[in-house]
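Q: Below you'll find the structure I mean.
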Amino acid sequence: MNDLSSRLFEFAVNCIEFSKTVTITKEIEVVIYQLSKSCTSPGANYEESQASSSKADFRNKVFISLKEMREANYWLRICKRLKLGNDNRIDQLIDESEQLKKILGSIVSKIQH
C-alpha cells in the first residue's frame, strides 16, 4: 500500500471512529450516513485506480476520489458547526480532508485528458 492509499484508508477509519462519538438523532442520522459513505469512497476509488485499464480510467477514478473527498469535507464541516462528536478529532479530520483534496486535485490536474 502506498502512502496515499494508507492516508485515505486511515482517513476513512478515523471518520468512522469519529462517527461513533456522535449521539444519533433522527436528523443527525442522515449526516452521519452521508459522512460514512463519502469518507470511505475516496480510498476505495483510489484503490480501483491502481488497477485501471488506461490513463483516462485512472484519471476518472482519482477524480471520483477527489469529488468524494470534497463531499466528506462538507459533511465534516456540518458536524463541526453542529458541535457533533469529539471537537478535537473533527478539526484533525477537516485538516486531513483538506490536505487529501489538494493531493488528489494535484494528481488529477497533472494527467492530461
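Results for (1) crowded, with 19+ Cβ neighbours inside 10 Å; (2) among the β-branched types (Val, Ile, Thr), shown as yes or no for each residue.
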{"position": "Phe11", "(1), (2)": "yes, no"}
{"position": "Glu17", "(1), (2)": "no, no"}
{"position": "Thr21", "(1), (2)": "no, yes"}
{"position": "Leu35", "(1), (2)": "yes, no"}
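Q: Read through the list (1) touching a Gly at 6+ places or on another chain (Cβ under 8 Å); (2) buried (at least 19 other Cβ atoms within 10 Å of the Cβ); (3) in contact (Cβ under 8 Å) with a residue 60 or more places away in the chain, then give the number of the only condition that Gly85 fails.
A: (1)
Q: Something else about it: Just to check your reading of the model, which residue among Asp95, Asp57 is within 17 Å of Asn14 (Cβ to Cβ) and assigned to a helix (DSSP H, G or I)? Before you say what the answer is, go through the steps one by one.
A: On the way: Asp57 fails: within 17 Å of Asn14 (Cβ to Cβ).
Just one listed residue meets the conditions, Asp95.
Q: Within the stretch 25-54, which residues are part of a helix (DSSP H, G or I) and either hydroxyl-bearing (Ser, Thr, Tyr) or touching a Lys or Arg at 6+ places or on another chain (Cβ under 7 Å) (or both)?
A: Taking the stretch 25-54 as the starting set, the residues that turn out to be part of a helix (DSSP H, G or I) are 26-49.
Hits for the stretch 25-54 are Tyr33, Ser36, Ser38, Thr40, Ser41, Asn45, Tyr46, Glu48, Ser49.
Q: If we keep just the residues of the stretch 1-34 that are of a type in the set (Phe, Trp, Tyr) and in contact (Cβ under 8 Å) with a residue 60 or more places away in the chain, which is nearest to Glu47 (Cα to Cα)?
A: Pass one, the stretch 1-34, residues of a type in the set (Phe, Trp, Tyr): 9, 11, 18, 33.
Then keep just the ones that are in contact (Cβ under 8 Å) with a residue 60 or more places away in the chain; that gives 11, 18.
Values: Phe11: 14, Phe18: 23 Å.
Result: Phe11.
Q: Is it fair to say Ser5 is under 21 Å from Ile111 (Cα atoms), over 15 Å from the mean Cα position of the chain (by Cα), surrounded by 12 or more Cβ atoms within 10 Å (Cβ to Cβ) and modelled with pLDDT of 95 or more? Give the steps one after another, and end with the answer.
A: Numbers: under 21 Å from Ile111 (Cα atoms): yes; over 15 Å from the mean Cα position of the chain (by Cα): no; surrounded by 12 or more Cβ atoms within 10 Å (Cβ to Cβ): yes; modelled with pLDDT of 95 or more: yes.
Against the criterion (under 21 Å from Ile111 (Cα atoms), over 15 Å from the mean Cα position of the chain (by Cα), surrounded by 12 or more Cβ atoms within 10 Å (Cβ to Cβ) and modelled with pLDDT of 95 or more), Ser5 does not qualify.
Q: Are there any pairs with C-beta distances below 8 angstrom linking a residue in the stretch 88-113 that is modelled with pLDDT under 95 and hydrophobic (A, V, I, L, M, F, W, C) to a residue that is surrounded by fewer than 12 Cβ atoms within 10 Å (Cβ to Cβ) and in a helix (DSSP H, G or I), with the two at least 6 apart or on different chains, and if so which?
A: As it stands, the answer is Ile111/Lys55, since those pairs meet every condition given.
Q: Something else about it: Considering the stretch 50-78 alone, what residues qualify as being of a type in the set (Ser, Thr, Tyr) and surrounded by fewer than 19 Cβ atoms within 10 Å (Cβ to Cβ)? Don't jump to the end; show me each part of the working.
A: So the first thing to find is which residues in the stretch 50-78 are of a type in the set (Ser, Thr, Tyr), and the list is 52-54, 65, 74.
Selection gives Ser52, Ser53, Ser54, Tyr74.
Q: Please work out if Val22 is more than 20 Å from Ser109 (Cα to Cα) and not in a helix (DSSP H, G or I). Step through it out loud before you land on a result.
A: Numbers: more than 20 Å from Ser109 (Cα to Cα): yes; not in a helix (DSSP H, G or I): yes.
Considered against the rule, which asks whether it is more than 20 Å from Ser109 (Cα to Cα) and not in a helix (DSSP H, G or I), Val22 comes out as yes.
The values are calculated or read from the model by the stated rules, or taken from the named source; none is laboratory data. Predicted model, so just to flag it, every value in this text is computed and none were measured. Cβ sites come from the backbone with ideal geometry, for glycine too, and all protein chains shown count toward neighbours.
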